[in-house]
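Participant: Starting off with a structure, shown below.
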Amino acid sequence: MAPALEDELRQVVGSSHVLSRPEELLVYEADGLTHHSATPRAVVLPADKTEVVQIVKRCRAHGVPFVPRGAGTGLSGGALALDGGVVIECARMNRILRIDPEDRIAVVQPGVVNADLSKRVAPHGLFYAPDPSSQQACTLGGNVAENSGGPHTLKYGTTTNHVLALELVLPDGKLVQLGSATGMTVGYDLVGAVVGSEGTLGVVTEATMRLSPIPERVETLLGIFGEVVSACRAVGRMIRSGLVPAALEIVDRRTIEAVEASVYAAGLPTDAGAVLIVEVDGPAPAVARQVERVREHCVAEGADQVQVARDEAERQRFWRARKGAFGAMGRLAPDLYVHDAVVPRRKLPEILESICEIGDRHGLRLSNVFHAGDGNLHPNISFDRRDADEMARVLAAGEEILRTCVEAGGVISGEHGIGTEKRDFMGLLYSEADLEAMKKLRAAFDPTLVCNPGKLFPTTRFCVEANPKARGYDQVPLG
Amino acid sequence: MAMSDAQGSPPQLAELELGTLDCVHCGLCLSHCPTYRVTGRETSSPRGRVYLMRGVAEGRIPLGAAVAEEASLCLGCRACETACPSGVQFGSLLEQTRAAVSDAGLRSGLAARLERLALRQLVPRGLRLHVFVAALAWVQRLRLDRLALLLLPPRFREIHALLPPVPPVSQRRPLPRSFPARGEPRGRVALFEGCLMPELFGAVNRATAEVLSQQGFEVVVPAGQGCCGALQAHSGDLEFAKGLARSNVAALAPAIEGDAIDAVVVNSAGCGAVLRELDHWLGDEALPLAGRVRDVCEFLDEVGLRGPLEPLPLRVAYDDPCHLVHAQGVQEAPRRLLEAIPGLEIVSHEDPSACCGAAGTYNLTQPEMSRAVLTAKMDALASVAPDVIASGNPGCLMQLRAGAAERGLGARVLHPIQLLAQSLAR
């Protein structure tokens, strides 16, 4: 390994902001998806956009690929550096550059933590709507790359609905401005192209985010059900009736038990089959009426009980419990595979039953906590990656779940992205021609494929279409 | 890439692996970690450190300089534990790692040897410490310390800034072995004095005993108790720390026997955290003590204050000691007690439960990071301009006092029990 690139990077950012010892690199081998790993060649932590430009230019000159990384909370292997690449860790670029309450925008660096933005703009009566469960840690740059969602996607949309403009370092080192802070794009919607591009089109160095006014009134209800399926039916019933709740989340029994054993315990009933969290927000009189309607719908589908959060503190506890669910599952086993797939809402009850059957058939501990209002499922499989046999069953079950969801008219990711995790399942969703069109867009930004290679697109090595026996997952660990 | 042989690792590292398996890599700890917030490095985050520990335990990386540096850079504030949904026992993992680092001879510099010497031969030896502090008092009185500063390397300036003026002799006299319950008796408690507390914060110990007595509790101060072992364990000297812990179990046993006391009251958060978790070190023999430990604020909040309280018209910023809020889970009790004082207003500053950077001897061993962490804390405190900064741990009191003096904040830095004593005494 020639040390030249590392030396150049040290000159750009200072030696304490380049990590290259084997121990340090080990720590960057995985993101939130622990069973995919790849060791980077180096990790570099720039302080600003000029440093990012220099880093990108040096990597390109050496023919070394690079990948931007936020907090490494992604769940699809998106921040792994494949092919001995360099990780550009954006955590130090964590300043909120401007808040404009009248235009309802904030200009941020990519390393700003999602929850910090809402906290900072709260005094202006504003908040940043997309709230992934990892929001207390994940960065806005990562949210842009993955087009992250969260419980409130149902009413407020995903990240792409909240990004107005981007500053991007192209893979050749040019700095470009995309979109407009007014929200009106002239010409191609390149902001739309970059959001969700998983770091394959360049490195975002600034983002102009849309802020939303904090609603006058927010109420959070817990519908307590004996069965997950009846909670799903209640969701369908509410949507059919024309209600637009801010969030509709289902937490199953196994998840409730894990969360209630943790520091995120909120007093959720551990003997319930499932809890449906419903949030309604808006002008006070309307919210009061909606609360009653939600209650009626829950009771009509057999809810044992419907509670309304008594105060803001209890409301926050409910959400902390919901958002700590992934981590809480660590109490069951060393690893957790958080799946992510979307199905048409009306099919939720039957698909959930299929998913549970798949988990049981493979002898796995599977739980469900998901954005029911969006039909965005998160079947969670607890396992131990050191157990090769269990690992193989986890992967087999995962593939079956994805196929089941696609057959039902769904897609293979709602918010976690494709990364290395699902690149070989893109063929389930897209034809060769579809993928070709996407690859052409990617090549327009990154003709030499140095920017986060190995993500998003099926690799010829593992291509499901070309070789039905190759499942991609068999290649774990990658890199 | 260099991969070490698993057989090359010390045997105690095998125990580490089990603890690291609790981490499911969700990352919710990241933003709660002071060193991650300063550096942005995954390696300097709780999740990254657990990954390093697991890497060492599994023999994927050697127990070498890189791991030793991170074990040392961690503040041990345990803010990650109260953020962790998966229940990772980070404090315990860190303690084991530091012991392994120390046993592997990776802490062999002059500073480390001096630290160990002081923590073994000075801090836990009551008489020696008393003599040392008395000498320090004379040095301060004759202003010899200022002279010494001109001759010593700049590093000592930091240490000097942290040292509080040694309190007058009257405050360093040993406490009476018992205080009677005044008024209607409500029970009996044992007071844990600590090692540095009687020397540098004797007024806090006295206030603690007097408030408890005034509130109707007979207070016994068992003889033979001493240093709790927290500082030694944090520096990797775990076996020595366990020895100190055994002495304390023995010293407090007579008081505890036969349910003769309601609680062992502690006013130093660092000591309280150790005593409360003593069974982790010593097993079941420590349970009778561990189970009775209460922080003084927690205890008074539980039993309820008996008035009347006189007004104290002060703006108070309460800053949570990490080892009270994160290690002992005591967050609201001190605030409730202070709020009970008429005229006293609690002003809320940002991130009161974030570390101040004192972290035992950390401000001496990692001065740069300690300073970065303290700067953020002082920014938060300065913005609310308090009359008093209250915090219930000697290390935090020294660090906050030094920080406030340097900023010219003009705020007094006190233990909450001192405010309570003042309000009850009028």
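The values are calculated or read from the model by the stated rules, or taken from the named source; none is laboratory data. Bear in mind the structure is a predicted one, so any value in this text is a computation, not a measurement. All Cβ positions, even for glycine, are placed from backbone atoms using ideal geometry, and neighbour counts span all protein chains on display.
Participant: Under 8 Å between Cβ atoms, which residue pairs at least 6 apart in sequence (or on different chains) link something in the range A:435-452 that is crowded, with 19+ Cβ neighbours inside 10 Å with a partner that is assigned to a helix (DSSP H, G or I)?
Facilitator: A:Val450/A:Cys59; A:Val450/A:Arg60; A:Cys451/A:Phe445
Participant: Scanning the range A:165-192 for residues that are within 24 Å of the chain's Cα centre (by Cα) and over 19 Å from A:Gly141 (Cβ atoms), which turns out surrounded by the fewest Cβ atoms within 10 Å (Cβ to Cβ)?
Facilitator: Checking each candidate, the answer is A:Asp189.
Participant: Still on this structure: Specify the residue that is nearest to the other protein chains (Cβ to nearest Cβ); the eligible residues are those in the range A:57-113 that are free of Cβ contacts under 8 Å to residues at least 40 places away in the same chain and of a type in the set (Lys, Arg).
Facilitator: My answer is A:Arg95.
Participant: Check whether at least one residue in the range A:171-181 is of a type outside the set (Gly, Ala, Ser), part of a strand (DSSP E or B) and in contact with a helix residue (DSSP H, G or I) (Cβ under 7 Å, 6 or more places away or on another chain), and report yes or no.
Facilitator: Yes, the conditions are met somewhere in the range A:171-181.
Participant: If you don't mind, another one. Can you name the residue in the range A:1-48 that is of a type in the set (Lys, Arg) and within 11 Å of chain B (Cβ to nearest Cβ) and is also farthest from the chain's Cα centre (by Cα) among such residues?
Facilitator: Checking each candidate, the answer is A:Arg21.
Participant: Please enumerate the residues belonging to the range A:245-283 that are more than 14 Å from A:Trp319 (Cα to Cα) and hydrophobic (A, V, I, L, M, F, W, C).
Facilitator: Within the range A:245-283, A:Ala258, A:Ala261, A:Ala272, A:Ala274 qualify.
Participant: Tally the residues that are touching a Gly at 6+ places or on another chain (Cβ under 7 Å) and of a type in the set (A, V, I, L, M), restricting the search to the range A:158-189.
Facilitator: Matching residues across the range A:158-189 total 6.
Participant: Consider the range A:288-332. How many of its residues are of a type in the set (Gly, Ala, Ser) and either in a strand (DSSP E or B) or buried (at least 18 other Cβ atoms within 10 Å of the Cβ) (or both)?
Facilitator: Qualifying residue count for the region: 8.
Participant: Filter the range B:354-412 down to the residues that are surrounded by fewer than 22 Cβ atoms within 10 Å (Cβ to Cβ), in a helix (DSSP H, G or I) and in contact with a Ser or Thr (Cβ under 7 Å, 6 or more places away or on another chain) and list them by number.
Facilitator: Passing the criteria: only B:Thr365.
Participant: Against the definition (closer than 27 Å to A:Thr182 by Cβ, modelled with pLDDT of 95 or more, out of contact with any His (no Cβ under 7 Å at 6 or more places or on another chain) and not in a helix (DSSP H, G or I)), how does A:Pro123 come out, yes or no?
Facilitator: no
Participant: Let me ask you something else. Between a first residue in the range B:47-73 that is within 17 Å of B:Val24 (Cα to Cα) and more than 10 Å from every other protein chain (Cβ to nearest Cβ) and a second residue that is part of a helix (DSSP H, G or I) and of a type in the set (D, E, K, R), which pairs have beta carbons less than 7 Å apart while being 6 or more apart in sequence or on different chains?
Facilitator: Qualifying pairs under 7 Å: B:Ala57/B:Glu17.
Participant: When only residues in the range A:250-273 that are hydrophobic (A, V, I, L, M, F, W, C) and free of Cβ contacts under 8 Å to residues at least 60 places away in the same chain count, which is farthest from the other protein chains (Cβ to nearest Cβ)?
Facilitator: A:Ala272
Participant: In the list B:Leu93, B:Leu63, which residue meets the criterion of being among the hydrophobic types (A, V, I, L, M, F, W, C), over 26 Å from B:Glu277 (Cα atoms) and either under 25 Å from the mean Cα position of the chain (by Cα) or buried (at least 24 other Cβ atoms within 10 Å of the Cβ) (or both)?
Facilitator: Result: B:Leu63 is the single residue among B:Leu93, B:Leu63 that is among the hydrophobic types (A, V, I, L, M, F, W, C), over 26 Å from B:Glu277 (Cα atoms) and either under 25 Å from the mean Cα position of the chain (by Cα) or buried (at least 24 other Cβ atoms within 10 Å of the Cβ) (or both).
Participant: So, one more: In this structure, does A:Ala81 turn out to be at pLDDT 95 or above and not assigned by TED's automatic domain parsing to the domain that holds A:Gly183?
Facilitator: Spelling it out, A:Ala81 is indeed at pLDDT 95 or above and not assigned by TED's automatic domain parsing to the domain that holds A:Gly183.
Participant: Okay, next question. With the condition being under 27 Å from B:Leu244 (Cα atoms), of a type in the set (A, V, I, L, M, F, W, C) and touching an Asp or Glu at 6+ places or on another chain (Cβ under 8 Å), I'd like the helices (runs of 4 or more DSSP H) fully within the range B:96-152 carrying at least 2 qualifying residues.
Facilitator: In the range B:96-152, the matching helices (runs of 4 or more DSSP H) lie at B:126-141.
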